[in-house]
Amino acid sequence: MHGFVDDFRDYRWSSYKRILDPKITKLKKEEVLGWFGGEREYTLYHQGLRAEIDIKQKNIFIEDE
């Protein structure tokens, strides 16, 4: 982790929040959301990513049997 912010979703230069913002921008929001299957899936994916980062930082490992 880079250490700039505790949560990547709060990083000033991240497009994460801009993708969800309804304002018109040059970003290809619909295309990006399509990669994930929609807005809900986009946010769920990133929530999962945040959880994975938290687990790794706390050195918690879940082993497959």
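The values are calculated or read from the model by the stated rules, or taken from the named source; none is laboratory data. For clarity, every value in this text was computed on a predicted model and none was experimentally measured. Neighbour counts are summed over all protein chains in view; Cβ atoms, including those assigned to glycine, are modelled from backbone coordinates with ideal geometry.
Miscellaneous remarks
Conditions (1) assigned to a loop (DSSP other than H, G, I, E, B); (2) over 10 Å from the mean Cα position of the chain (by Cα); (3) surrounded by 11 or more Cβ atoms within 10 Å (Cβ to Cβ); (4) at pLDDT 90 or above, marked per residue:
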{"site": "Asp6", "(1), (2), (3), (4)": "yes, yes, yes, no"}
{"site": "Trp13", "(1), (2), (3), (4)": "yes, yes, no, no"}
{"site": "Ile19", "(1), (2), (3), (4)": "no, yes, yes, yes"}
{"site": "Glu31", "(1), (2), (3), (4)": "no, yes, no, yes"}
{"site": "Gly34", "(1), (2), (3), (4)": "no, yes, yes, yes"}
{"site": "Thr43", "(1), (2), (3), (4)": "no, no, yes, no"}
{"site": "His46", "(1), (2), (3), (4)": "no, no, yes, no"}
{"site": "Lys56", "(1), (2), (3), (4)": "no, yes, yes, no"}
{"site": "Ile62", "(1), (2), (3), (4)": "yes, yes, no, no"}
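- Glu52 out of contact with any Phe, Trp or Tyr (no Cβ under 6 Å at 6 or more places or on another chain), modelled with pLDDT under 85 and part of a loop (DSSP other than H, G, I, E, B): no
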